[in-house]
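Everything below concerns the one structure shown next.
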Amino acid sequence: MPTFSASDAPAKSAAGGVQSLERAFDLLERMADAGGEIGLSELSASSGLPLPTIHRLMRTLVASGYVRQQPNRRYALGPRLIRLGESASRLLGTWARPHLARLVEETGETANMALLDGDDVVYVAQVPSKHSMRMFTEVGRRVLPHTTGVGKALLAATPDDEVRALLARTGMPAVTEKTITTPEAFLAALADVRLLGYAVDDNEQEIGVRCLAVPVPDSPTAAAISISGPAGRVTEASTVKIVPVLQEVAAELSRALASPGPTA
């Protein structure tokens, strides 16, 4: 019968987890932060881990398909992560729904959650208003960031040069006569978001509809929540009452996403 010694067991981290797993996930996060591709020496410098350790972990990740080695010997995030990301994005909308339901209860308007996916804004969750006249945004719908309040909220923390590059790729077509169509005007709108703490879509995506949006702080991926309703209900006066609720719910959602959940 084979024997098992303590030295054969995976090293435990200070938090009680498996150290090699924690290190592997940390390396994947660092690769994502670097744009998806990085060299071993860069990983070693940023993580503080020795090159042999990193090489061993990366070899395992490559064998599993979560990382691939490029012809230039650098390492890139692998295709198997795509399925995980898509599934997690769908669950993100599920986790958000109770918080969006609270928004509907407290504001009376339709509540939405959106993510930045590439150069697009994609809606991942919605709870409709109980009013007979209400706004509907289909979950899965993609829109350009410059046309929406959630787009402004999602890009408010992005450096101006990166925003300009995104707008150059997407163009800035007008959806309504109120749509922002120049980079300068959009960057000014983002400055307002940073100053005020919330974004406004004032008839820019659809005439007669106003939207208020805030980013979800410390979200694992860029996320924003919003309420949308008829311009006659989402007025300047109601904005003063709605924005604090939006910000409070965004903070609650942030804490819920950061929570590891029940442990076994």
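The table below lists the values:
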read-out: Cα centroid separation, region 171-220 to region 226-240 (Å); value: 14 Å
read-out: Listed peptides 141-150, 62-71, 234-243 by packing density, highest first (mean Cβ within 10 Å); value: 141-150, 234-243, 62-71
read-out: Least to most buried among Ser219, Ser41 (fewest other Cβ within 10 Å first); value: Ser41, Ser219
read-out: Residue order, fewest to most beta carbons within 10 Å, for Met31, Met172, Met113, Met58; value: Met172, Met58, Met31, Met113
read-out: Diffusion constant of the chain at 10 °C, which comes from Stokes-Einstein with the Kirkwood Cα-pair radius and 1.306 mPa s, µm²/s; value: 77 µm²/s
read-out: Segment Trp95-Leu21, length gained on full extension (0.36 nm per residue, minus Cα span); value: 24.1 nm
read-out: Helical contribution to [θ] at 222 nm, DSSP H n ≥ 4, -39,500 (n - 2.57), averaged over the chain, rounded to 500; value: -15000 deg cm²/dmol
read-out: Pairwise label distance in nanometres, Glu37 with Ala251, each label 7 Å out on the Cα-Cβ vector; value: 4.2 nm
read-out: Percentage relative contact order, the chain, counting C-alpha pairs under 8 Å, at least six apart; value: 14 percent
read-out: Relative contact order computed over region 12-78 (Cα-Cα under 8 Å; 6+ residues apart), in percent; value: 30 percent
read-out: Lysine pairs within the chain, Cα separation less than 26 Å, 8 or more sequence positions apart or different chains; value: 4
read-out: Thr182-Ser44 pseudo-label distance in nm [points 7 Å out on the Cα-to-Cβ vector]; value: 5.2 nm
read-out: Burial ranking of peptide ranges 121-130, 47-56 (average Cβ count within 10 Å, highest at the top); value: 121-130, 47-56
read-out: Region 59-216: relative contact order as a whole-number percent, Cα under 8 Å and 6+ apart; value: 15 percent
read-out: Helix runs (DSSP H) in the chain reaching 18 Å along axis by Cα, Kyte-Doolittle at least 0.0; value: 51-64, 183-196, 236-258
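Readers should treat all values here as calculations from the given coordinates under stated rules, not as data from a laboratory. Every value quoted in this text rests on a predicted model; they were computed, and no experiment measured them. As a convention, Cβ positions derive from the backbone with ideal geometry for all residues, glycine included, and neighbour counts pool all protein chains shown.
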